[in-house]
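Taking it in order: structure first as structure tokens, then the write-up.
No lab work stands behind these numbers, since they all come straight from the coordinates. If you're wondering where the values come from, they're calculated on a predicted model, not measured in any experiment.
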């Protein structure tokens, strides 16, 4: 029995992010777990208030702070995409300064004055 071969290419995506539905489901699951821990800590604080006050205060603090942390974690957004190879090709580098011409000796500066002078006519006055 021969298999039918298709001419379509199959691409393998190894660096793809998690699907949106899976991401939302994971965030909902983490939020529900956090709120369950909060509920248990508040019930534990109410139960232990007259028995073990220190443990009850810690459980109450956990019950107060956990909703904020759970909401921040749930709303943190999607995970970052894994680093993929860059497709950016940098432009070729050009030299910052051109090369000097390979001519003869430099020309004298007309403002430099006569030999033996300071180059400033007012300085000689």
Original post:
Want the number for residue 52 to residue 33: 0.36 nm per residue separation, take away the alpha-carbon distance, what's left?
Top reply: 4.3 nm
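Between residue 21 and residue 75, what length comes free when the chain is fully extended (0.36 nm per residue of separation minus the Cα-Cα distance, one decimal in nm)? Write down the numbers at each step before the final one.
Values: separation 54, 0.36 × 54 = 19.44 nm, distance 1.46 nm.
Gain in length upon complete extension: 18.0 nm.
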**OP:** Take the range 20-74, compute every pairwise Cα distance, and split them into 5 Å bins from 0; I just need the percent in each bin.
**Re:** 4, 23, 23, 17, 13, 9, 6, 3, 1, 0
